[in-house]
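Undergrad: Sharing a structure below in structure tokens format, with a few things to ask.
The values are calculated or read from the model by the stated rules, or taken from the named source; none is laboratory data. Keep in mind it's a predicted model, so treat the numbers as computed, not measured. Note that we place each Cβ from the backbone using ideal geometry, even for glycine, and neighbour counts take in every protein chain shown. Accessible surface is based on the protein model in full, side chains and every heavy atom, while ligands, DNA and RNA are left aside. Shrake-Rupley method; radii C 1.70, N 1.55, O 1.52, S 1.80 Å.
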Amino acid sequence: MGRMKSIFSKIAIAVSAAVLLAVPASVHADGEMLFPGGVPEQVNGTTLDGKWNYYDYGDGTLSVIAKDKTMVTAEVPETINGMPVNMIEVDCFKDMKMLESVTIPSTVTIIEDFAFYNCTSLKSVTLPTGLETLSWQAFYNCTSLEEVTIPSTVTSIEEFVFEGCSNLKAIHVSDGNKNYKDVDGVLFDQAGSMLIRYPCQKTDTVYDIPEGCTVIEDWAFVGNTYIEEVDLTGVTEIGEDAFYYCTALKSVTLPEGLTELKNSVFAYCTALSDINIPESLTTIGKYTFLSCASMEKITLTKNVTSIGEYALGFYYSDQERLERIPEFVIDTTNDTQAFAYALENDIKSTGGVTQSSVFIYIIIGVVILVLVAAIVIVLVQRRIQKRYELR
């Protein structure tokens, strides 16, 4: 149970992650709702000190889950009944908001899903040499965690491991790791071709993607409130929500050759005003520039053939209502998908008449007609007067 991943549960979590809080559940045969991934139904025992429940899977796997939820400092046991503890169970420390530090023995190879979920006081965790897997959302919302070191033995870091770690300043990777590395505290794959996670509290205001990096992972920069300018030259793929809520971001250089901006890539980048759209771009996903309230204009060519809902020109008001950015303009021609989007959503466009400008044109037309009529009346009156004088 503890090691089996529910595909449907993970899909549900990924969808809910767009709003930053989600706690989906799996269902037992008897209908009981459990946290994603589940935990073993039967506790094999409790340690003598009363701090840990343990589970023997019968295949050499022995896992623990904290029984004492009041621990401030936790030291995971290395062995229980002569067996090595090799897994931190699903939900092991979930919602233990007083927990500040944890030491994990070298026998542990797996830290399971949601192991430290919402441990908001956790400042220090020692990950052991021997650890192989950091599972789904293992440190989700550990808002006090500032630094973490990935051991050389880790072969798998699953999605959203450090999601919600709003005070994380650096992710370090030990020398010798064959799968991952860090570059100045930023997590990459070992080849350097994929940027996996940029810490929320990394304070650089300008960041140039290192040469050779072509992929920005989903949620890579999410929540960083310092970065103001980023140069993505050389990148061929930018993941969903990659710069979500980067509220200080003002300027982005997108690479020539980029074909797609995925869902919510720059959503809530409230300071973003300057962005170049390459001619190669064909697709703009849903909510891509949602709540980019400082953006007044965007230029799109006819090559853009798909624009998702609320991708451009919308923001959430203080009343949490979707509204149009008042002065936002789409610079395009009237034979483009961008113009059709503007027309459909009552957004100003340089490509032709939109719904919002029809009324203005009608007023202008009426004024012109009135002026013409007035001129005609004056001319007719003068002609009549002239004929009368001649008589």
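Undergrad: Which chymotrypsin sites (Phe, Trp or Tyr not before Pro) from the range 96-127 combine a DSSP loop assignment with at most 16 other Cβ atoms within 10 Å?
TA: none
Undergrad: What distance in nm separates the two pseudo spin-label positions at Ile362 and Ile375, each 7 Å out from Cα along the beta-carbon direction?
TA: Output for this residue pair reads 2.5 nm.
Undergrad: So how do Arg382, Arg321 rank on accessible area, 1.4 Å probe, biggest first, that is with the largest at the start?
TA: Numbers: Arg382 155, Arg321 135 Å².
The ordering from most to least exposed comes out as Arg382, Arg321.
Undergrad: In the range 262-303, whose amide N lies under 12 Å from the spot 7 Å out along Cα-to-Cβ of Glu309? List them in ranges.
TA: In the range 262-303, the label zone of Glu309 (backbone N under 12 Å from the point 7 Å along Cα→Cβ) covers 286-287.
Undergrad: Taking the Cβ of Leu300 as the center, what net charge do the other residues with Cβ under 13 Å away carry, scoring Lys and Arg +1 and Asp and Glu -1?
TA: Values: positive: Lys297, Lys302; negative: Glu279, Asp331, Asp335.
The answer is -1.
Undergrad: Report the label-to-label distance for Glu158 and Thr47 in nanometres (one decimal), using points 7 Å from each Cα along the Cα→Cβ vector.
TA: It is 2.3 nm.
Undergrad: Next up: So which lysines can Lys202 reach, going by Cα to Cα under 16 Å and dropping same-chain residues fewer than 8 places off?
TA: Partners within reach: Lys169.
Undergrad: Rounded, prolate or oblate for the range 258-355? Axes are the square roots of the Cα gyration tensor eigenvalues, ordered a ≥ b ≥ c, and the cut-off for rounded is a/c under 1.5.
TA: Values: a/c = 1.68, a/b = 1.21, b/c = 1.39.
Taking the square roots of the gyration eigenvalues as a ≥ b ≥ c, the range 258-355 is oblate.
Undergrad: Would you work out what percent of the accessible area of the range 172-253, with all protein chains in place, is carbon or sulfur (probe 1.4 Å)?
TA: Working: 1440 of 3380 Å².
Of all accessible area on the range 172-253, carbon and sulfur atoms account for 43 percent.
Undergrad: On a 32 Å Cα-Cα criterion, which of the cross-link pairs Lys250/Lys348; Lys67/Lys178; Lys250/Lys302 come out too long? Let's see the in-between values first.
TA: Numbers: Lys250/Lys348 22 Å; Lys67/Lys178 35 Å; Lys250/Lys302 26 Å.
Exceeds cut-off: Lys67/Lys178.
Undergrad: Is the shape of the range 219-298 rounded, prolate or oblate, going by the alpha carbon gyration tensor and its root eigenvalues a ≥ b ≥ c, with a/c under 1.5 for rounded and a/b larger than b/c for prolate?
TA: rounded
Undergrad: Taking the inverse of the average 1/r across all pairs of different Cα atoms in the range 49-208, what Kirkwood radius in Å do you get?
TA: That comes to 15.9 Å for the range 49-208.
Undergrad: Could you give the accessible area per residue of the range 239-390, probe 1.4 Å, as a whole number in Å²?
TA: Values: 8580 Å² over 152 residues.
Ligands and nucleic acids excluded, the result is 56 Å² per residue.
Undergrad: Could you put Thr120, Thr305 in order of accessible surface area, largest first, with the 1.4 Å probe and the full protein assembly present?
TA: These residues rank, largest area first, as Thr305, Thr120.
Undergrad: Given a 1.4 Å probe and the protein chains all in place, what does the accessible area of Ile368 round to, in Å² to the nearest 10?
TA: 90 Å²
Undergrad: Pop the C-beta distance of Lys297 and Ser121 into the FRET formula with R0 = 51 Å and round what comes out to the nearest 0.05.
TA: E(calc), rounded to 0.05, equals 0.65.
Undergrad: Along the range 236-242, what does the Karplus equation 6.51 cos²θ - 1.76 cosθ + 1.60 (θ = phi - 60°) give for ³J(HN,Hα), rounded to whole Hz, x for Gly and Pro?
TA: 10, 8, 10, x, 4, 6, 4
Undergrad: Apply 1/(1 + (r/R0)^6) to the Cβ-Cβ distance of Thr129 and Lys286, taking R0 = 51 Å, and write down the FRET efficiency to the nearest 0.05.
TA: Once rounded, the FRET efficiency stands at 0.75.
Undergrad: Another question, if that's okay. Give me the number: length gained by fully extending Ser174 to Glu320, i.e. 0.36 nm times residue separation minus the C-alpha to C-alpha distance, one decimal in nm.
TA: Here the segment from Ser174 to Glu320 would lengthen by 48.2 nm.
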